[in-house]
Each structure stands twice: as C-alpha cells, then as structure tokens.
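Taken together, the values in this text are just the output of simple stated rules run on the coordinates, not laboratory data. Everything quoted here is computed from the prediction, not taken from an experiment. Here the Cβ positions follow ideal geometry from the backbone for every residue, glycine too, while neighbour counts run over all protein chains shown.
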Amino acid sequence: MDHQNNLTGSEDWEDRFASAKRVAHASLAKQDTGTVPSIVFQRLYTLRNQLIHGSAIWNSSVKRDQIRDTNGMLGDIVPSIIEILLDNA
C-alpha cells in the first residue's frame, strides 16, 4: 500500500516480493524449515501493518482475500504454537 500512496522507498516492492518468493521456493525445495516460516511471518506482519494503519478499511473489498487466507492459516498455527509454548515452559 505504500506504493499506492507514492511513499518513498516503496518503488521496488515488486522486486523484493519476487525475490522473497524465489527464496521461499528454493527453501521449500531444500526442506529449509527455518527460512520459510520467517518469510511467511514477514508477510503476516506486513498485512497486520496494512490493517492497523488503514490500508484495509471496514466493509471494503481491499485485502479481503488475504485476510480470509490469513485467518484460516493462523487458526491452524496459533494453537500449535501455544501447545509448544506450554509443553516447553
């Protein structure tokens, strides 16, 4: 959304996105279990910032697909993370 708002430093977002996507695919191929979650959580953090800072507004269609997908993914991940934390206090 910074790009849509013409903010400085956001011009190369497509290159950075494509680069992260290539790294994620290569990491999946190598079964690198540390890199892939890092990239996923960076993307989640970006979506969180967009929501909190107004890039997606109430009853708007902006980001709805990403929000729906994220909600489903976090619904699967968060209980596992909580279980890991509780088992390893």
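Descriptive notes on the structure:
- Each label was represented as a point 7 Å from its Cα along the Cα-to-Cβ direction; for Ser60 and Arg48 these points are 2.0 nm apart.
- Computed extension gain for Arg16 through Ile84, at 0.36 nm per residue and net of the alpha carbon distance, reaches 21.3 nm.
- Cleavage-rule hits (trypsin sites (Lys or Arg not before Pro)) in the range 16-55: DSSP loop, at most 10 neighbouring Cβ within 10 angstrom: Lys30
- Within the range 21-81, chymotrypsin sites (Phe, Trp or Tyr not before Pro) in DSSP loop having at most 11 other beta-carbon neighbours inside 10 Å: Trp58
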